[in-house]
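Heads up, the thing below is written out as C-alpha cells.
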Amino acid sequence: MPPANAARTVAEDRSAGDDIIVTASRRREKLQDVPGQVGTVSGEDLGKLKAKTLADFAAFTPGVSFQTSTPSTSRVAIRGITTGGTQLNSAIGLYLDDVPVGSSTPFGLGAQALNIGLFDLQRIEVLNGPQGTLYGANALGGTLKYMTNVPDLAETTGRIEGEGGYTAHGAGNGALRAMINVPLADDRVALRAVGVAQWDSGFADDPSHGRDNLGNARTLGGRVTLLAKPTPDLTIRLNAFGQRITSNGLAVSMRDPVTHHPTQGPYDQSYQLEQPSRSSLGLFSGVVDWDWHWAKLTSVTAYQYNSGRTEGDFSVPYSAILGAVLGPAAVKPYLVTTAAQTRRFTQELRLASPDNRSFEWVVGAFYSREKTGQQVNLINAADPSGRLLGIPLGSFDLPSTSREFALFGDATLYVTSKLDATFGVRYSWNHQVFSQYGSGLVPNSANPFGTVFNSSGSDEGVATYLFNLRYHVSPATMIYGRIASGYRPGGPNLITGGGTGNATFDADRLWNYEIGMKTSFAGGRGFLNTSLYHIDWSSIQLSVNRKGVNQLVNGGDARVNGAEMSLSYRLIPEFKLIASGSYTDAKLTTVAPLLGIAYVGARLPLSPRFSLAMAGDYSFDLGSGVTGDLNLAFRHIGQRNAGYPGSSSAPLYKLASYNVVDLSLNLQMGKGWEVGPYVKNLFDVRGEVSASTTANVYVPAAPVPVTLSLPRTIGLTLGRSF
C-alpha cells in the first residue's frame, strides 16, 4: 500500500463520483473532460498492484507496449509507433512531473526510457496519440508522465516499508522504502523526502559458463521536494531526484528461431561474455506557479544528468562480419561496450488563462540544451589488448550537442455550453552538431591505426498542430474529435570508415485522426472511455547497419488503425472493477528497401494487435480496527513481432501471446500498521516479452535471445504509516 498521505493526495484530486484530475492539457482538468485518450494509474492502485516497474502497470494503460532485456531501461511504444529493437531515438515523451527526461537525440541512448521508481507517486498519466503542441519533440505516439506527490503543508506524515520475497527459478528479493513529510513554517513551507533501496533477483542462468540469476536489479533512489507558498497566489517547488540501477546481465532465454523451443533449459542462455548494465539519472528542478488572476504563470527550470553503460556479447555477428574477410582466425568472442552521458538544461514558461468556460488559452516557450558524450568500443575479448591479429577493431568517441527552442499555444473557444473547439500550434527550431572520432578496423579499414574525424550539423524548423472538437451530449457523456500531429527531430549521422551513407537524416512526422466518447453511468459509480483512431506516419526513421556501424535513415511510410477502451465500475461500495483494452493494427504502407522489404503491408514490430487487463478490488472490514483490500489482476498480452516479416536486416521472430494473473492482499491494522502478502504471475507463465534478432541477420540459424516475463514471485510487504 502507498503512504497514507499519498492516498489522501489522490483523494484530493477527485471530485464527487471519483472524477480524477489530470494535467494532460497543461491545466488541471477532469479526466472525463479531456478530449483524448488518457490512461491513469493512481498511487493507491500502484500500491495495490504491488507495481515496481513499467511491466506491472503498462497493460492497465491502453495502447502501451514495451521492449526490454535489462531491468534498468525499456523501449516504450504508444499506439504502435515504433520500429522495434533497432530504434535509436524515442518516439514518446517521457516526463517526471513537468520535466522531459532523457535525451531527445539518438546519441544519448535516446530510445531507452529509464524505469522510474513507483514508490510515493501521486499517479501515472499516459497521453495517447501525438502531443506535439504542448509536449514537443519525440511525442509521436504519446507521452508518459510520472507525477510525484507534493509536500503536505499542514501535517507531519511518514511511512517506512520493508519487503521480502522469492522469485521462482531465481533467488530472494528485498526492499526498504521510506517517506517523511514535515511542515516547516506555519502552513507555508514543507519538506518531503523519499528513499528507496531495492534488490530484485534475476532468473536466467548460463550453465555453460557457471552464471546464475542473471537479469537482476539493484536500485538505489531518492527524492527531496521543498514546497513554499509565501502568498496565496505564489507557489515555489524545488525538487531533487536521483536513481541508479545496476544489473548483472540479460533476463533472456535462448530460443530456436524456427520452432521457438528453448535450445537449452526454459530459462537458460549461453553467452561467452558477461553483459552487465548500469543506468542513472540525477534531476534538479524548480517550479514556480504565480497566479496573476487574469492568468497564471508557470516556470519550470531543470537540469539533469543521464548516464548509462552496457556491455554486449556480439560474438556471433562480428565473427560472421570479420570472418567473411579474415577467415576462421576472426571467429572470436567480441564485446561491444557503450557508455553515454547526457547533460541537459530545460526551461519552460507557460501563461494560462483562468478556467472561465468562455475562451481559454495557454501560450508558452520552451528551450532545451543538451550535451552528450558517447563512447563505443569493439573488443576481441580473447586478446588482453582487445585487438585482432594485432589490429585494433573499433573505437568511437561521439560528442554531440543539441539545442531546441519552441513557441506554442492552445486556444479553446466555448461555442455553447455544450460545444467547444480547441486549436493548437507549436513551432520548433532544432540545431544539432555531431562529431565522430573513430579508429580501428571497422571505422577506418584503410588505416586502422589512424583516426578518422567527421563532423556535421543540421538545422530544421518543424510545426505541429492540434484541433479538438468536444461536445457534451449530457452532463454524463462527452464525445470528441481530435486531429493532431507530431514529429521526431532529424539530425547528423554516424559515417562509416568508407565514407558511405547519409550525412544527415530528416525528421519523421505523423498525423493522428481520432474520435471518442467518455461517459459516466450508474450515478457516477462507473466510467467508460472509448476511442477509435487512424495514424499516418511518414519518412520513418530506421536504423540500418552499414559495415558494422548503425546509421539512421528515412525509409518508408506506415499507418496505424486502432481502438482503445478503459472502464472503471464500482459495483457495490466494497467492490471496484477496472479494465482496459486496445486493438492496434500497425503496418507499412510502402516498400522499405533498406529493411529488405519489397512488399506493402509489413506489420510493424512490438505492439500486440490485442491486449487486455482487468483488476478487481474488494474492500472489507474484519472488525477490531482491521480492514483490508483483496486485489486480483489479469493481463493478456497479444502476439507481437520482433523484426519484420521478410526483412533481411531485421529478421522476424513472432512473440507468442501470454496471460498473467497477480493476487495481492493488503491488511490495515491499528496504529498505521499494514501487511501485504502477494503473488505475481500466479501460474508461473513463461511469457515472451521481447526478442532481438540482430545475430540472425548474419547467422540465420543462431538462437534468438528472448526476454521472459517475471516468473512466479511470492512476497510480503510490512509497513507503517504515521
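The values are calculated or read from the model by the stated rules, or taken from the named source; none is laboratory data. What you see is a predicted model; the values in this text were computed from it and never measured. Glycine also receives a Cβ, built like all others from the backbone with ideal geometry; neighbour counts cover every protein chain displayed.
Do you know which residues across the stretch 112-133 are at pLDDT below 90 and either part of a strand (DSSP E or B) or surrounded by fewer than 24 Cβ atoms within 10 Å (Cβ to Cβ) (or both)?
A113, L114, N115, I116, G117
Could we say that P475 is of a type outside the set (D, E, K, R), more than 29 Å from the chain's Cα centre (by Cα) and buried (at least 23 other Cβ atoms within 10 Å of the Cβ) here? Give the derivation first.
On the way: of a type outside the set (D, E, K, R): yes; more than 29 Å from the chain's Cα centre (by Cα): yes; buried (at least 23 other Cβ atoms within 10 Å of the Cβ): no.
For P475, the condition - of a type outside the set (D, E, K, R), more than 29 Å from the chain's Cα centre (by Cα) and buried (at least 23 other Cβ atoms within 10 Å of the Cβ) - is not met.
When you check N380 against the structure, is it within 26 Å of G102 (Cβ to Cβ), among the polar types (S, T, N, Q) and either out of contact with any helix residue (DSSP H, G or I) (no Cβ under 9 Å at 6 or more places or on another chain) or surrounded by 16 or more Cβ atoms within 10 Å (Cβ to Cβ) (or both), yes or no? Step through it out loud before you land on a result.
Working: within 26 Å of G102 (Cβ to Cβ): no; among the polar types (S, T, N, Q): yes; either out of contact with any helix residue (DSSP H, G or I) (no Cβ under 9 Å at 6 or more places or on another chain) or surrounded by 16 or more Cβ atoms within 10 Å (Cβ to Cβ) (or both): yes.
In short, no.
Wholly within the stretch 518-589, which strands (runs of 3 or more DSSP E) include no fewer than the required count, namely at least 1 residues that are among the aromatic types (F, W, Y) and loosely packed, with under 15 Cβ neighbours inside 10 Å? Before you say what the answer is, go through the steps one by one.
Working: elements: 526-538, 541-546, 549-554, 558-572, 575-588.
In the stretch 518-589, the matching strands (runs of 3 or more DSSP E) lie at 575-588.
Take the residues in the stretch 299-333 that are more than 30 Å from the chain's Cα centre (by Cα), not charged (D, E, K, R) and not in a helix (DSSP H, G or I); name whichever of them is nearest to R369 (Cα to Cα).
Residue satisfying both the conditions and the ranking: P333.
Please find, among G202, G164, the residue that is surrounded by fewer than 24 Cβ atoms within 10 Å (Cβ to Cβ) and closer than 30 Å to Q264 by Cβ. Steps first, answer last, please.
Numbers: G164 fails: closer than 30 Å to Q264 by Cβ.
Criteria check complete, one pass: G202.
I'd like the residue in the stretch 160-203 that is acidic (D, E) and touching a strand residue (DSSP E or B) at 6+ places or on another chain (Cβ under 8 Å) and, out of all such residues, is nearest to T225 (Cα to Cα).
Per the stated criteria, the residue is D187.
How about the stretch 175-196: which of its residues are within 24 Å of the chain's Cα centre (by Cα) and of a type in the set (D, E, K, R)?
R177
Quick one: which strands (runs of 3 or more DSSP E) sit completely within the stretch 192-288 and have at least 3 residues that are closer than 24 Å to I160 by Cβ? Before you say what the answer is, go through the steps one by one.
Details: elements: 204-206, 211-214, 217-231, 234-247, 252-255.
Result: 217-231, 234-247.
When you scan the stretch 687-705, how many residues do you find that are among the β-branched types (V, I, T) and in a helix (DSSP H, G or I)?
1
Could you identify the single residue in L283, L238 that is touching a Gly at 6+ places or on another chain (Cβ under 6 Å) and under 23 Å from S307 (Cα atoms)? Lay out the reasoning, then the answer.
Numbers: L283 fails: touching a Gly at 6+ places or on another chain (Cβ under 6 Å).
Going through L283, L238 in turn, the sole match is L238.
Identify, from the list G80, G108, G102, the residue that is in contact (Cβ under 8 Å) with a residue 24 or more places away in the chain, buried (at least 24 other Cβ atoms within 10 Å of the Cβ), within 22 Å of A240 (Cβ to Cβ) and touching a Leu at 6+ places or on another chain (Cβ under 7 Å).
Values: G80 fails: within 22 Å of A240 (Cβ to Cβ); G108 fails: touching a Leu at 6+ places or on another chain (Cβ under 7 Å).
When all the criteria are applied, what remains is G102.
Taking T412, is it more than 27 Å from the chain's Cα centre (by Cα), over 20 Å from G108 (Cβ atoms) and touching a residue at least 12 places away in the same chain (Cβ under 8 Å)? Spell out the reasoning first.
Numbers: more than 27 Å from the chain's Cα centre (by Cα): yes; over 20 Å from G108 (Cβ atoms): yes; touching a residue at least 12 places away in the same chain (Cβ under 8 Å): yes.
In short, yes.
Closer than 22 Å to L494 by Cβ, touching a residue at least 24 places away in the same chain (Cβ under 8 Å), touching a helix residue (DSSP H, G or I) at 6+ places or on another chain (Cβ under 6 Å) and part of a strand (DSSP E or B): is that true of T342 in this structure?
On the way: closer than 22 Å to L494 by Cβ: yes; touching a residue at least 24 places away in the same chain (Cβ under 8 Å): yes; touching a helix residue (DSSP H, G or I) at 6+ places or on another chain (Cβ under 6 Å): yes; part of a strand (DSSP E or B): yes.
Yes, satisfied.
With respect to G498, determine if the residue is over 23 Å from the mean Cα position of the chain (by Cα) and at pLDDT below 90.
On the way: over 23 Å from the mean Cα position of the chain (by Cα): yes; at pLDDT below 90: yes.
It is true that G498 is over 23 Å from the mean Cα position of the chain (by Cα) and at pLDDT below 90.
In the stretch 151-161, how many residues are outside any strand (DSSP E or B) and surrounded by fewer than 19 Cβ atoms within 10 Å (Cβ to Cβ)?
The first filter runs over the stretch 151-161 and keeps only residues outside any strand (DSSP E or B), leaving 151-156.
Remaining after also requiring surrounded by fewer than 19 Cβ atoms within 10 Å (Cβ to Cβ): 153-156.
Number of matching residues: 4.
Quick check on my filter: what residues within the stretch 646-690 are polar (S, T, N, Q) and at positive phi?
Going through the stretch 646-690, the residues polar (S, T, N, Q) turn out to be 647-649, 657, 659, 664, 666, 668, 681, 690.
Answer for the stretch 646-690, where residues must be polar (S, T, N, Q) and at positive phi: just N681.
For the stretch 345-387, how many residues are farther than 30 Å from L109 by Cα and in a strand (DSSP E or B)? Spell out how you get there, then give the answer.
Pass one, the stretch 345-387, residues farther than 30 Å from L109 by Cα: 351-363.
Now drop any that are not in a strand (DSSP E or B), which leaves 351-352, 359-363.
The total comes to 7.
If I ask for residues that are charged (D, E, K, R) and crowded, with 20+ Cβ neighbours inside 10 Å, which ones from the stretch 238-275 would you list? Even if it seems obvious, please write down each step before you answer.
Going through the stretch 238-275, the residues charged (D, E, K, R) turn out to be 244, 255-256, 268, 274.
Selection gives R255 alone.
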